[in-house]
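None of the figures in this text is laboratory data; all of them are computed from the coordinates on show. Computed from a predicted structure; not experimentally measured. Cβ coordinates were reconstructed from backbone atoms using ideal geometry, including for glycine residues, and neighbour counts include every protein chain displayed.
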Amino acid sequence: MATALQTVASQRPLKPIAQLIRAVQHRRPVELDHRDDYVIVRSGKAGAIALFAHPDRVAICLAPERAYALEGRKPFGHQIPRTPVTSYVIVTAKGVRKNFGAVVDLALESLDWRVAERTSAFCARCGVGCGPKLDACPNCWTEVDLRGRCLCHQDVQAEVMRLVG
């Protein structure tokens with residue numbers, strides 16, 4: 001099994017992206033998962049995806065209201081609404097290099113948010129904490145929201161289409 005640094009190196013990321021991943025690894029327990037052209041950074045505690053590290057950019061997962069607050073502010077560029085409960089803030093390698101501290105802080109915020117989101121999941125039926133919720137639907141492979149819904153549900157599909165336009 002490849003080490004975390006080998007996984008990062010296999011993607012041939014630009015130097016700022018590799019430095020960002022290493023900085024996050026030194027501050028939080030994370031798991032790295034290699035895909036064809038990017039690395040997924042997950043919380044080691046909750047397993048929820050916090051970052052998608054591409055060779056030339058990083059997508060940081062945040063709550064939509066937090067992503068909206070950052071939209072247009074340098075270096076955070078733009079956001080991509082993913083689901084009603086998740087958005088991604090895109091930062092280029094150049095933006096990471098020029099604002100390294102701010103991007104590391106946002107990446108750590110994302111990891112912390114994902115852990116809090118997972119550990120605060122509760123059972124709608126009994127109203128008490130019943131453990132971590134699912135990360136992704138096994139049918140459509142999209143993120144499951146706090147209510148246990150994914151893109152398989154018609155109301156979620158309608159909301160995403162309304163947001164994306």
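Assorted remarks:
- Set 28, 42, 66: member being basic (Lys, Arg), surrounded by fewer than 21 Cβ atoms within 10 Å (Cβ to Cβ) and farther than 15 Å from residue 104 by Cα: 66
- Restricting the stretch 45-97 to residues that are hydroxyl-bearing (Ser, Thr, Tyr) and without any contact (Cβ under 8 Å) to a residue 40 or more places away in the chain leaves a set whose member that is nearest to residue 28 (Cα to Cα) is 88.
- Enumeration of residues in the stretch 23-46 that are among the small types (Gly, Ala, Ser) and over 16 Å from residue 100 (Cβ atoms): 43, 44, 46
- Among the residues of the stretch 49-80, those that are of a type in the set (Gly, Ala, Ser) and over 14 Å from residue 20 (Cα atoms) comprise 63, 67, 69, 72, 77.
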